[in-house]
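For reference, the structure discussed in these notes is given below.
Readers should treat all values here as calculations from the given coordinates under stated rules, not as data from a laboratory. Keep in mind the model is a prediction, meaning the values are calculated, not measured. Positions of Cβ are backbone-derived with ideal geometry, glycine not excepted, and every protein chain shown enters the neighbour counts.
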Amino acid sequence: MDEVVLFNPGDSIGNFHDYHEAVQQAQIYQERHDKSGHVLVVKSEHGEPSFDIFLAEQQLTDKSEPSTKQRYTVSKKM
């Protein structure tokens, strides 16, 4: 089952068109920032396939704000 999460796109650590590149960059980020918590590679539900990297703690739980939120499907948790 797909897990759909909400993030503010401006909080993205990186945006990639290649899934494997996104996973590789997420691993590098996590190694360099070992206290940053869980890193998520997520797929955008809009337009062409693209993958973003977010910190799990940046997930929006209040669906009413901010207005710039966007839906993503979790592809990989680290």
Of the candidates E45, E31, E21, which one comes out as most mobile in a Gaussian network treatment of the chain with C-alpha springs shorter than 10 Å?
E31
Tell me the Kirkwood hydrodynamic radius of the chain in angstroms, computed as one over the mean inverse distance between distinct C-alpha pairs.
12.5
In segment 4-77, lysine pairs with alpha-carbon atoms under 21 angstrom apart (chain gap of 8 or more, or interchain)
7
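Please give the calculated 222 nm ellipticity per residue for the chain, where each DSSP H segment of at least 4 residues contributes -39500 (n - 2.57) and the sum is spread over every residue; nearest 500 deg cm²/dmol?
Rounded to the nearest 500, the figure is -6000 deg cm²/dmol.
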Extended-chain gain in nm, criterion 0.36 nm per residue less alpha-carbon gap, D18 and L6:
2.2 nm
Mean Cα-pair separation over length for segment 4-77, i.e. relative contact order, pairs under 8 Å, 6 or more apart, %
46
Using the charge dipole of the chain (Lys, Arg: +1 at Cβ; Asp, Glu: -1 at Cβ; taken about the Cα centre), state which of S75, H17, T61 has its Cα farthest towards the positive end.
T61
In segment 8-61, trypsin sites (Lys or Arg not before Pro) in a DSSP loop with at most 14 other beta-carbon atoms within 10 Å:
K35
Tilt of helix 19-32 relative to the longest C-alpha principal axis of the chain, in degrees (0 to 90, nearest 10)?
70
What is the dipole size for the chain, taken about its Cα centre, with +1 at each Lys and Arg Cβ and -1 at each Asp and Glu Cβ, in debye to the nearest 20?
100
